[in-house]
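Here's the structure, in structure tokens; my notes come after.
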Amino acid sequence: MATALNPGGDVRIKMLYDRDAGYARLHTVCQQTFRRPTTGGTSHLSRNGMEKLSVLAPEDCAVVRQMIDLGSPFLSNRLYLRALLEKILTDEVDNRISDYFGSEYLPLWCRTYRNDPGGEQGVSFRWHCDGGPSKHLKLLLYLNGSDVHGGNTQFLNRDTTAAFKSIGYVFCDINERLGDLSALSHEHDIPYQPLRARVSEGDAILFEPANILHKGVWPTKGSRYLLQICIVPSPVAWRDACSRYAIPRGNADWPCVDKNWPAKTASDAQPLTSEG
């Protein structure tokens with residue numbers, strides 16, 4: 001059965017976040033107040049929209065995996081998450097993110113996942129872009145390696161993603177998402193070469209989820225443990241923001257931007273539910 005496409009869906013989603021929720025203006029303000037030097041957008045992340053980095057030691061990964069297995073409430077505790085971010089946001093990672101935004105940034109929310117072979121695959125395991133501002137990032141931190149679980153994440157480059165956006169696949173109905181775009185790419189003469197990187201324990205993939213089609217690859221050999229962090233521009237450094245405001249959070253709802261941003265707490269904000 002043919003996929004029901006949604007021409008213009010990407011434009012409407014971008015307007016919802018960039019214009020209506022104010023993220024484009026926020027980004028401009030953050031760039032105007034930025035005082036640190038950058039490399040001028042020369043990183044692989046800035047040039048291509050994705051990059052793999054090694055960020056977390058195996059012993060730290062093991063602790064987080066154990067907490068996931070135990071269902072520890074600390075995984076949603078803001079103070080614990082901030083302490084964990086101190087280990088994840090290394091100087092190298094920090095440089096990549098600030099280079100991408102041309103500004104300071106903050107980790108808006110963090111979530112952990114355990115996916116087991118034979119489990120039910122959600123819609124994030126089909127090709128999609130995330131609903132959100134044009135300029136935001138996600139960090140996927142693999143808490144165990146792909147050689148252990150057989151899972152991964154696949155990506156398409158910016159140009160291929162743009163081509164699928166032009167025909168209305170991106171932000172089609174969530175139930176119309178496809179796990180394989182081969183037939184659709186052939187029908188519309190779109191090059192289709194999924195990318196994936198071998199990920200080891202503690203590796204992270206930084207990418208722009210609104211502009212890069214991606215999908216999870218379900219594990220086949222063992223449990224896949226993952227920490228996902230959503231990152232947005234900020235007018236102040238992330239440590240200052242996390243000290244003063246109720247971030248990072250353990251859920252994936254977007255707060256609206258207004259004149260008080262980011263002074264509103266998560267409980268005060270009116271959420272826009274992410275389509276990612």
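Hey, in the GNM for the chain with a 10 angstrom Cα cutoff, which one of Pro248, Pro73, Pro133 fluctuates hardest?
Pro73
In whole angstrom, how far apart do the alpha carbon centroids of segment 146-181 and segment 206-236 sit?
So the separation of the two Cα centres works out to 13 Å.
Set the bar at 26 Å for Cα to Cα. Now go through Lys52/Lys87; Lys87/Lys135; Lys14/Lys87; Lys14/Lys138 and name every pair that lies beyond it.
The pairs that break the limit, which is 26 Å between Cα atoms, are Lys14/Lys87.
Mind checking the log10 I(q)/I(0) for segment 172-249 at q = 0.21, 0.26 Å⁻¹? Debye, one equal scatterer per Cα, no solvent, two decimals.
Ignoring solvent entirely, the Cα scatterers give -1.18, -1.38.
Loop only per DSSP, at most 15 neighbouring Cβ atoms within 10 Å: give me the trypsin sites (Lys or Arg not before Pro) in segment 1-62, ordered by residue number. Could the numbers behind the result be given before it?
Working: sites: Arg12, Lys14, Arg19, Arg25, Arg35, Arg47, Lys52; in loops: Arg35.
Here the trypsin sites (Lys or Arg not before Pro) that fit, given the DSSP loop and packing criteria, are Arg35.
Once amide H atoms are built 1.01 Å from N in the peptide plane, which residues 5 or more positions from His136, or in another chain, come under 5 Å H to H?
Sorted by chain and number, the residues that satisfy this are Ala210.
Only Lys, Arg, Asp and Glu count, each charged at its Cβ (+1, +1, -1, -1), so figure out the dipole size of the chain about its Cα centre, rounded to 20 debye.
That gives the chain a dipole magnitude of about 480 debye.
How large is the helix-only mean residue ellipticity at 222 nm for the chain, computed as the sum of -39500 (n - 2.57) over DSSP H runs with n ≥ 4, divided by its residue count, in deg cm²/dmol to the nearest 500?
Details: 10 runs with 82 residues, N = 276.
Computed ellipticity for the chain at 222 nm equals -8000 deg cm²/dmol.
Computed from the coordinates by the stated procedures, all read-outs in this text should not be read as laboratory data. Values in this document were obtained by computation on a predicted structure and should not be read as measured data. Cβ coordinates were reconstructed from backbone atoms using ideal geometry, including for glycine residues, and neighbour counts include every protein chain displayed.
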